[in-house]
1. So, in segment 25-39, how many residues would count as being part of a loop (DSSP other than H, G, I, E, B) and surrounded by 12 or more Cβ atoms within 10 Å (Cβ to Cβ)?
2. From the set of residues in segment 40-65 that are in a loop (DSSP other than H, G, I, E, B), under 17 Å from residue 9 (Cα atoms) and aliphatic (A, V, I, L, M), which is modelled with the highest pLDDT?
3. Could you please find all residues in segment 1-24 being open to solvent by less than 40 Å² (accessible area, probe 1.4 Å) and under 12 Å from residue 55 (Cα atoms)?
Amino acid sequence: MLDTNAIVALLQGNLQLIELLKDANWLGVSVISQIKFLVFTGLSQNDSQIFEQFLQRVEVLGLVAIDAVRIVSISSRVHALECSTQEIKADWNLL
């Protein structure tokens, strides 16, 4: 699961992050990160369009986690990344 900082870095073309995620089977963002991105005051129309295209390619997770199997699956994927960069963090507050 990508946090807001990782989303921004990815959309800015961070090569290290792109390389890390290129073979990922799943990418997700929280609805909180979606909101944080969209309310940024410096967001241009182009930025907004790019972000909307990005959202079509990832899963947006809501505030309520009612599916225990999904929670285990997401946490397993996050642990499997074992990323050393600080740009990608699990948003455990949703779980």
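The values are calculated or read from the model by the stated rules, or taken from the named source; none is laboratory data. Since the model is a prediction, treat every value here as computed from it, not as a measurement. A quick note on method: Cβ atoms are made from the backbone with ideal geometry, for glycine too, and the neighbour counts reach across all protein chains shown. Quick note on the areas: whole protein, heavy atoms, side chains included, nothing else; ligands and nucleic acids left out. Shrake-Rupley method; radii C 1.70, N 1.55, O 1.52, S 1.80 Å.
1. Residues in segment 25-39 being part of a loop (DSSP other than H, G, I, E, B) and surrounded by 12 or more Cβ atoms within 10 Å (Cβ to Cβ): 2 in total.
2. Here the answer is 58.
3. 2, 7
A quick yes/no check of all residues on (1) closer than 16 Å to residue 56 by Cα; (2) in contact with an Asp or Glu (Cβ under 6 Å, 6 or more places away or on another chain); (3) of a type in the set (S, T, N, Q):
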residue	(1), (2), (3)
1	yes, yes, no
9	no, yes, no
13	no, no, no
16	no, no, yes
20	no, no, no
24	yes, no, no
28	yes, yes, no
36	no, no, no
39	no, no, no
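Here is a yes/no grid of residues against (1) at positive phi; (2) of a type outside the set (Asp, Glu); (3) touching a helix residue (DSSP H, G or I) at 6+ places or on another chain (Cβ under 9 Å):
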site	(1), (2), (3)
3	no, no, yes
12	no, yes, no
27	no, yes, yes
30	no, yes, yes
33	no, yes, yes
36	no, yes, yes
41	no, yes, no
46	no, yes, no
